[in-house]
Amino acid sequence: MSSVSPQRVAVLGSSFAGMTAALEVRKHLDERHEVVVLDPRDHFTFIPSLIWMPFGARKADDITFPLAPLYDKKGIEFVNEAAARVDVDGHTVSTSTGRSIDYDKLLVATGPRLAFEKIPGLGPEGGFTQSVCNLEHAERAQEAWDRFLENPGPVVVGTAQGGSCFGASYEFLFNVHHRIRKAGLEKVAPVTFISSEPFLGHFGLGGVGDSAKRVEGFLERLGIEGIPNSSIKEVRDGEIELDGGRVLPFAFSMIVPPFAGVDAIRESEGLANPVGFVPIDDRFRHPDQPDIYAAGVATAIAPPESTEVPAGVPKTGQMSETMAKVAAQNIAADLTGGKHRDLPIAELSAICVLDAGNNGIIFKADNVLSHGIYANGEEPSARVMAGPQAHWAKLAFERYFLSSRKRGMTAF
Ligand SMILES: Cc1cc2nc3c(=O)[nH]c(=O)nc-3n(C[C@H](O)[C@H](O)[C@H](O)COP(=O)(O)OP(=O)(O)OC[C@H]3O[C@@H](n4cnc5c(N)ncnc54)[C@H](O)[C@@H]3O)c2cc1C
């Protein structure tokens, strides 16, 4: 047995990044060390399948599972509460019910805050557009879609300025179009796509291989007007006004909102940048707080290039899990003297499946944040495949991920 004294690792958030990190840390450390996870949600949700919920193709039970039994089995303490504040000097997390949890190492994986309030009229909570960014929003979007089917009209899908989940809005766009065609509503329900990307297929990454050509071709074939570089001024009941004055009427609209870090992290002194994201180094450790790590959407990652309209960097589920694994290895190495691992952000790779209802596009790219070029002048490899296999790949991955993750497996 190691001579290291027992330590406690606290993980804030239990989705793609947090759950992966907790399971990996648990694997690396012997049972004398404690791992505790906090999350106000008591279920894991496979967020990529939320794009199908509005059309009734998935119910909550199909794509969620309870967290407590998994953590119980794995010897991880689960606190079903939100972190309210982190005292970085005191090494303490206070929770929403006033509990105080001490930690030796902390990993922040609290994902995004959906900042609807930045655009008047945006979002399902008091606004006029829908969202598929969480389970509750996707359920509400289903009610809105049912109303749309009774009273169809133009559709607007997109990502607002400051949003970063471009893949999700493209997938939703293609699925909406697929459903409209199946319902025979093409003539009454023209579809428009708005995006803060400087060009379609940019994805907040400067493009992936020939993604611009592929995405433009897809939209053209489907008869969808795409408006890149768009910034939303205001949403009113049934219409979106863009900066510049163009007004887009809609009977149904789903817009991915601007992303920020969650309030508890933003408001914790010495932890986050002004937007609430946690700065990280190549070990996914806070540059000024050696006992604090972060992974997933909670991390501060600068865009690879500046764009006319603010476009965030996508931190996909797969990228989030990679970050979590590296952070977990480094936490274990800090505590037990094992080997550390460095993974510069620019060297993250990404696999992205854009489902289109019955076909789709698969992107696989190395070094997605390397400004499109390696230091040695070579272009990073990128592969793009379009066709029905993309749809089947997404379905198979959903089943595989949910069944393996329920058992606590972190490999995919
Ligand atoms: C519609 C949609 C489709 C997508 N499709 C894909 C896809 O096909 N492939 C892919 O790779 N990625 C996809 N993504 C992106 C993927 O879902 C995200 O990258 C991933 O969810 C990020 O994981 P995360 O753990 O960082 O954050 P999240 O999944 O957002 O999880 C954050 C967790 O932190 C918890 N939390 C929040 N505040 C606190 C607090 N104060 N204290 C404790 N816990 C807190 C939340 O309850 C939540 O459980 C999609 C995203 C969307 C919206």
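Any read-out appearing in this document is the output of simple, stated calculations on the displayed coordinates, not a laboratory observation. Treat the numbers as computed from the prediction; the structure is a model and nothing was measured. As a convention, Cβ positions derive from the backbone with ideal geometry for all residues, glycine included, and neighbour counts pool all protein chains shown.
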> Can you list the HN-Hα couplings for the stretch 260-269, worked out from phi with the Karplus curve (6.51, -1.76, 1.60; θ = phi - 60°), rounded to whole Hz and with x for Gly and Pro?
Replying inline: 9, x, 6, 4, 4, 7, 4, 8, 8, 4
> Check Glu234: other-chain or 5+ apart residues with amide H under 5 Å from its amide H, H built from backbone geometry?
Replying inline: Glu241
>> Starting from 0.36 nm per residue, how many nanometres of slack lie between Asp291 and Asp61 once their C-alpha separation is accounted for?
In response: 79.1 nm
> What aspartates and glutamates sit close enough to Lys364 to cross-link, taking a C-alpha to C-alpha distance under 19 Å and skipping anything fewer than 8 places away on the same chain?
Replying inline: Glu171, Asp210, Glu216, Glu321, Glu347, Asp355, Glu378, Glu379, Glu398
> In whole angstrom, how far apart do the alpha carbon centroids of the stretch 301-315 and the stretch 53-104 sit?
Replying inline: 29 Å
> Taking θ as phi - 60°, what are the ³J(HN,Hα) couplings along the stretch 312-324 by the Karplus curve (6.51, -1.76, 1.60), each to the nearest whole Hz, with x for Gly and Pro?
Replying inline: x, 7, x, 10, 6, x, 5, 5, 4, 5, 4, 4, 5
> When we measure straight from the Cα of Lys406, which lysines land under 22 angstrom away, once same-chain ones fewer than 8 places off are left out?
Replying inline: Lys27, Lys59, Lys73, Lys74, Lys325, Lys394
> Is the stretch 259-364 rounded, prolate or oblate when judged by the Cα gyration tensor, a ≥ b ≥ c being the square roots of its eigenvalues, rounded requiring a/c under 1.5 and prolate requiring a/b larger than b/c?
Replying inline: oblate
> Which trypsin sites (Lys or Arg not before Pro) does the stretch 238-329 hold that lie in a coil by DSSP with at most 13 other beta carbons within 10 Å?
Replying inline: Arg246
> Out of the stretch 100-184, which trypsin sites (Lys or Arg not before Pro) are coil in DSSP terms and have no more than 10 other C-beta atoms within 10 Å?
Replying inline: none
>> Can you compute the charge dipole magnitude of the stretch 255-350 about its Cα centre, using +1 on each Lys and Arg Cβ and -1 on each Asp and Glu Cβ, nothing else charged? Give it in debye, rounded to the nearest 20.
In response: 320 debye
> Of the residues Ala324, Ala60, Ala21, which exhibits the maximal mean-square fluctuation in a Gaussian network model of the chain defined by a 10 Å Cα contact cut-off?
Replying inline: Ala60
>> Residues of the stretch 147-172 with the amide nitrogen closer than 17 Å to a label point 7 Å from the Cα of Leu395, along Cα-to-Cβ, please.
In response: none
>> If you wrap a convex hull around the alpha carbons of the stretch 116-258, what volume per residue comes out, as a whole number of Å³?
In response: 100 Å³
>> From Cα pairs below 8 angstrom and at least 6 apart in sequence, can you work out the relative contact order of the stretch 116-258, rounded to a whole percent?
In response: 37 percent
> Using only helices, what value at 222 nm comes out for the chain when you add -39,500 (n - 2.57) per DSSP H run of length 4 or more and divide by the total residues, to the nearest 500 deg cm²/dmol?
Replying inline: -8500 deg cm²/dmol
> Taking the Cα centre of the chain as origin and charging only Cβ (+1 Lys, Arg; -1 Asp, Glu), how large is the dipole, in debye to the nearest 20?
Replying inline: 1180 debye
> In 5 Å bins starting at 0, how do the alpha-carbon pair distances of the stretch 314-363 split up by percent?
Replying inline: 5, 18, 21, 16, 14, 10, 7, 5, 3, 2
>> Which one, Gly357, Ala333, Val278, is farthest towards the positive end of the dipole of the stretch 257-412 when Lys and Arg carry +1 and Asp and Glu -1 on their Cβ?
In response: Gly357
>> At R0 = 30 Å, how high is the FRET efficiency between Ser100 and Glu143 if r is their beta carbon distance? Nearest 0.05 is fine.
In response: 0.15
> Pulled fully out, how much extra length does the chain show between Glu77 and Asp210, if you take 0.36 nm times their separation in residues and subtract their Cα-Cα distance?
Replying inline: 43.3 nm
> Which loop-located GluC sites (Glu not before Pro) does the stretch 139-243 contain, where loop means any DSSP state but H, G, I, E or B and the Cβ has at most 16 other Cβ atoms within 10 Å?
Replying inline: Glu186
> Give me the Kirkwood hydrodynamic radius of the chain in Å, from all C-alpha pairs, to one decimal place?
Replying inline: 21.9 Å
>> So for each of 352-359, 335-342 I average, over its residues, the number of other beta carbons within 10 Å; can you give me the resulting order with the highest mean first?
In response: 352-359, 335-342
>> Restricting to bridges with both residues inside the chain, how much of the DSSP beta-bridge set is antiparallel, in percent to the nearest 5?
In response: 50 percent
